[in-house]
Amino acid sequence: GMKEGEELHHPMVSRAIERAQKKVEAHHFDIRKNLLEYDVVMNEQRKIVYSERQRVLEGIELEETAWKMIENTVLGAVDNYLNPEQKAYDWDYAGLASWARRIVKVVVEEKELSALEVKAIEELMLERAKKAFEEKIRELGKEHCPQFLRFVLLQVIDTRWKEHLHAMDQLKQGIGLRGYAQIDPKLEYKREGYRMFEEMRSRLDEEVATHIMRMKFRED
(Lines give C-alpha, C1' and ligand atoms only; values in the text may rest on other atoms or scores of the structure.)
Protein backbone atom coordinates (compact mmCIF):
# COMPACT_ATOMS: atom_id res chain seq x y z
CA GLY A 1 0.00 0.00 0.00
CA MET A 2 3.03 2.32 -0.29
CA LYS A 3 3.07 5.10 -2.78
CA GLU A 4 5.78 5.42 -5.40
CA GLY A 5 8.75 7.42 -4.07
CA GLU A 6 7.66 7.07 -0.46
CA GLU A 7 10.65 6.67 1.91
CA LEU A 8 10.86 3.25 3.56
CA HIS A 9 11.40 3.25 7.34
CA HIS A 10 11.64 0.10 9.40
CA PRO A 11 14.16 -0.92 12.10
CA MET A 12 14.71 -4.37 10.58
CA VAL A 13 15.35 -2.95 7.12
CA SER A 14 17.72 -0.33 8.49
CA ARG A 15 19.69 -2.93 10.46
CA ALA A 16 19.91 -5.20 7.40
CA ILE A 17 21.27 -2.38 5.26
CA GLU A 18 23.75 -1.42 7.98
CA ARG A 19 25.00 -5.03 8.27
CA ALA A 20 25.35 -5.28 4.50
CA GLN A 21 27.35 -2.05 4.40
CA LYS A 22 29.67 -3.29 7.16
CA LYS A 23 30.25 -6.55 5.30
CA VAL A 24 31.11 -4.70 2.10
CA GLU A 25 33.45 -2.34 3.95
CA ALA A 26 35.12 -5.26 5.75
CA HIS A 27 35.53 -7.09 2.44
CA HIS A 28 37.13 -4.04 0.83
CA PHE A 29 39.38 -3.60 3.87
CA ASP A 30 40.57 -7.22 3.59
CA ILE A 31 41.31 -6.71 -0.11
CA ARG A 32 43.32 -3.55 0.60
CA LYS A 33 45.13 -5.29 3.46
CA ASN A 34 46.06 -8.28 1.29
CA LEU A 35 47.25 -6.05 -1.52
CA LEU A 36 49.34 -4.06 0.96
CA GLU A 37 50.96 -7.23 2.28
CA TYR A 38 51.76 -8.31 -1.27
CA ASP A 39 53.18 -4.84 -1.98
CA VAL A 40 55.49 -5.11 1.04
CA VAL A 41 57.25 -8.05 -0.62
CA MET A 42 57.68 -6.15 -3.89
CA ASN A 43 58.81 -2.97 -2.12
CA GLU A 44 61.58 -4.85 -0.34
CA GLN A 45 62.81 -6.27 -3.63
CA ARG A 46 62.42 -2.90 -5.36
CA LYS A 47 64.56 -1.16 -2.74
CA ILE A 48 67.38 -3.65 -3.25
CA VAL A 49 67.35 -3.37 -7.04
CA TYR A 50 66.92 0.40 -7.18
CA SER A 51 69.71 0.92 -4.65
CA GLU A 52 72.10 -1.19 -6.71
CA ARG A 53 70.97 0.49 -9.92
CA GLN A 54 71.55 3.95 -8.45
CA ARG A 55 75.11 3.01 -7.49
CA VAL A 56 75.72 1.92 -11.07
CA LEU A 57 74.27 5.18 -12.42
CA GLU A 58 76.58 7.15 -10.15
CA GLY A 59 79.55 5.04 -11.21
CA ILE A 60 80.25 3.78 -7.69
CA GLU A 61 82.63 0.78 -7.57
CA LEU A 62 81.69 -0.48 -11.02
CA GLU A 63 84.64 -2.86 -11.32
CA GLU A 64 84.01 -4.24 -7.82
CA THR A 65 80.32 -4.74 -8.60
CA ALA A 66 81.06 -6.50 -11.89
CA TRP A 67 83.67 -8.74 -10.30
CA LYS A 68 81.30 -9.67 -7.45
CA MET A 69 78.76 -10.81 -10.03
CA ILE A 70 81.40 -12.90 -11.80
CA GLU A 71 82.49 -14.36 -8.47
CA ASN A 72 78.90 -15.24 -7.55
CA THR A 73 78.46 -16.88 -10.95
CA VAL A 74 81.58 -19.02 -10.60
CA LEU A 75 80.71 -20.15 -7.08
CA GLY A 76 77.14 -20.88 -8.15
CA ALA A 77 78.39 -23.03 -11.02
CA VAL A 78 80.69 -25.02 -8.74
CA ASP A 79 77.77 -25.62 -6.37
CA ASN A 80 75.58 -26.68 -9.29
CA TYR A 81 77.97 -29.10 -11.00
CA LEU A 82 79.53 -30.38 -7.76
CA ASN A 83 76.30 -30.56 -5.80
CA PRO A 84 77.11 -31.08 -2.08
CA GLU A 85 73.87 -33.05 -1.71
CA GLN A 86 75.18 -35.66 -4.16
CA LYS A 87 77.95 -38.21 -3.80
CA ALA A 88 81.32 -37.14 -5.18
CA TYR A 89 81.24 -39.83 -7.88
CA ASP A 90 78.12 -38.16 -9.31
CA TRP A 91 79.78 -34.77 -9.68
CA ASP A 92 80.03 -33.40 -13.20
CA TYR A 93 83.63 -32.20 -13.54
CA ALA A 94 83.42 -32.26 -17.33
CA GLY A 95 80.30 -30.12 -17.26
CA LEU A 96 81.95 -27.59 -14.95
CA ALA A 97 85.04 -27.38 -17.15
CA SER A 98 82.86 -26.87 -20.23
CA TRP A 99 80.79 -24.21 -18.44
CA ALA A 100 83.93 -22.34 -17.38
CA ARG A 101 85.26 -22.18 -20.94
CA ARG A 102 81.89 -21.18 -22.37
CA ILE A 103 80.67 -18.60 -19.85
CA VAL A 104 83.69 -17.01 -18.16
CA LYS A 105 86.36 -17.98 -20.69
CA VAL A 106 88.42 -19.80 -18.06
CA VAL A 107 90.34 -22.87 -19.19
CA VAL A 108 90.30 -25.74 -16.68
CA GLU A 109 90.56 -29.44 -17.39
CA GLU A 110 88.33 -32.21 -16.07
CA LYS A 111 91.32 -34.17 -14.70
CA GLU A 112 92.65 -31.05 -13.04
CA LEU A 113 89.38 -30.44 -11.26
CA SER A 114 88.74 -34.05 -10.21
CA ALA A 115 92.08 -34.14 -8.36
CA LEU A 116 91.11 -31.24 -6.07
CA GLU A 117 88.80 -30.65 -3.14
CA VAL A 118 85.80 -28.38 -3.74
CA LYS A 119 87.34 -25.45 -1.86
CA ALA A 120 90.51 -25.72 -3.93
CA ILE A 121 88.43 -25.87 -7.13
CA GLU A 122 86.63 -22.67 -6.13
CA GLU A 123 89.93 -20.93 -5.41
CA LEU A 124 91.47 -22.12 -8.68
CA MET A 125 88.55 -21.01 -10.83
CA LEU A 126 88.22 -17.66 -9.06
CA GLU A 127 91.93 -17.01 -9.46
CA ARG A 128 91.82 -17.66 -13.21
CA ALA A 129 88.55 -15.78 -13.63
CA LYS A 130 90.05 -12.80 -11.77
CA LYS A 131 93.06 -12.75 -14.07
CA ALA A 132 90.82 -12.94 -17.14
CA PHE A 133 88.61 -10.15 -15.78
CA GLU A 134 91.55 -7.90 -15.03
CA GLU A 135 92.87 -8.49 -18.54
CA LYS A 136 89.52 -7.40 -19.99
CA ILE A 137 89.64 -4.25 -17.87
CA ARG A 138 93.15 -3.46 -19.13
CA GLU A 139 92.00 -3.96 -22.71
CA LEU A 140 89.16 -1.52 -22.15
CA GLY A 141 91.40 1.13 -20.64
CA LYS A 142 90.58 3.52 -17.82
CA GLU A 143 88.85 5.92 -20.19
CA HIS A 144 86.30 3.46 -21.61
CA CYS A 145 85.95 0.96 -18.74
CA PRO A 146 83.40 2.87 -16.59
CA GLN A 147 81.19 3.63 -19.59
CA PHE A 148 81.21 0.03 -20.78
CA LEU A 149 80.55 -1.49 -17.35
CA ARG A 150 77.76 0.99 -16.65
CA PHE A 151 76.12 0.16 -19.98
CA VAL A 152 76.28 -3.60 -19.43
CA LEU A 153 75.11 -3.46 -15.82
CA LEU A 154 72.18 -1.13 -16.49
CA GLN A 155 71.03 -3.03 -19.56
CA VAL A 156 71.00 -6.39 -17.79
CA ILE A 157 69.52 -5.06 -14.54
CA ASP A 158 66.68 -3.27 -16.33
CA THR A 159 65.87 -6.22 -18.58
CA ARG A 160 65.85 -8.83 -15.82
CA TRP A 161 63.96 -6.56 -13.40
CA LYS A 162 61.17 -5.91 -15.91
CA GLU A 163 60.84 -9.64 -16.52
CA HIS A 164 60.74 -10.25 -12.77
CA LEU A 165 58.01 -7.64 -12.26
CA HIS A 166 55.89 -9.38 -14.89
CA ALA A 167 56.50 -12.78 -13.29
CA MET A 168 55.60 -11.46 -9.83
CA ASP A 169 52.40 -9.93 -11.19
CA GLN A 170 51.40 -13.29 -12.65
CA LEU A 171 52.24 -14.97 -9.35
CA LYS A 172 50.00 -12.54 -7.44
CA GLN A 173 47.11 -13.09 -9.84
CA GLY A 174 47.21 -16.86 -9.43
CA ILE A 175 48.33 -17.22 -5.83
CA GLY A 176 44.77 -17.20 -4.47
CA LEU A 177 44.21 -20.66 -5.96
CA ARG A 178 46.77 -22.05 -3.51
CA GLY A 179 44.18 -21.53 -0.76
CA TYR A 180 42.18 -24.46 -2.14
CA ALA A 181 45.15 -26.67 -1.26
CA GLN A 182 45.10 -25.46 2.37
CA ILE A 183 48.13 -23.21 1.73
CA ASP A 184 48.22 -19.65 3.02
CA PRO A 185 48.40 -17.56 -0.19
CA LYS A 186 50.27 -14.69 1.48
CA LEU A 187 52.95 -16.94 2.97
CA GLU A 188 53.24 -18.80 -0.31
CA TYR A 189 53.58 -15.49 -2.18
CA LYS A 190 56.44 -14.43 0.08
CA ARG A 191 58.16 -17.80 -0.27
CA GLU A 192 57.74 -17.99 -4.04
CA GLY A 193 58.59 -14.30 -4.44
CA TYR A 194 61.86 -14.74 -2.55
CA ARG A 195 62.81 -17.80 -4.60
CA MET A 196 62.02 -16.02 -7.87
CA PHE A 197 64.00 -12.96 -6.77
CA GLU A 198 67.06 -15.05 -5.94
CA GLU A 199 66.78 -16.85 -9.29
CA MET A 200 66.50 -13.50 -11.07
CA ARG A 201 69.64 -12.24 -9.34
CA SER A 202 71.53 -15.41 -10.28
CA ARG A 203 70.54 -15.02 -13.93
CA LEU A 204 71.47 -11.35 -13.77
CA ASP A 205 74.92 -12.14 -12.37
CA GLU A 206 75.60 -14.80 -14.99
CA GLU A 207 74.45 -12.59 -17.84
CA VAL A 208 76.70 -9.73 -16.71
CA ALA A 209 79.60 -12.17 -16.34
CA THR A 210 78.96 -13.56 -19.81
CA HIS A 211 78.84 -10.13 -21.46
CA ILE A 212 82.03 -8.94 -19.80
CA MET A 213 84.12 -12.08 -20.16
CA ARG A 214 83.12 -12.66 -23.80
CA MET A 215 83.70 -9.10 -24.96
CA LYS A 216 86.23 -8.59 -27.73
CA PHE A 217 87.83 -5.36 -28.86
CA ARG A 218 88.66 -4.31 -32.36
CA GLU A 219 91.35 -1.81 -33.10
CA ASP A 220 90.42 0.51 -35.95
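Ligands, DNA and RNA excluded, the heavy atoms of Trp67 present near 40 Å² of accessible surface to a 1.4 Å solvent probe. Per-residue SASA remark: Met215, around 20 Å² accessible (1.4 Å probe; ligands, DNA and RNA not included). Sparse packing (at most 13 other Cβ atoms within 10 Å of the Cβ) combined with a DSSP loop state is found for the following GluC sites (Glu not before Pro) in the stretch 71-111: Glu85, Glu109. Cross-link pairs exceeding 25 Å in C-alpha to C-alpha distance, out of Lys47/Lys131; Lys47/Lys216; Lys47/Lys136; Lys142/Lys216, comprise Lys47/Lys131; Lys47/Lys216; Lys47/Lys136.
The Cα atoms of the stretch 117-171 give a gyration tensor whose axes a ≥ b ≥ c have a/c of 1.5 or more with a/b no greater than b/c, which makes the shape oblate. In this structure Arg55 has an accessible area near 90 Å², from a 1.4 Å probe over the protein heavy atoms.
The values are calculated or read from the model by the stated rules, or taken from the named source; none is laboratory data. Predicted, not measured: the structure shown is a model, and the values here were computed from it. When we count neighbours, we look across all protein chains shown, and the Cβ atoms used for this are built from the backbone with ideal geometry, even at glycine. Note: accessible area is taken over every heavy atom of the protein model, side chains too, but ligands, DNA and RNA are not part of it. Shrake-Rupley method; radii C 1.70, N 1.55, O 1.52, S 1.80 Å.
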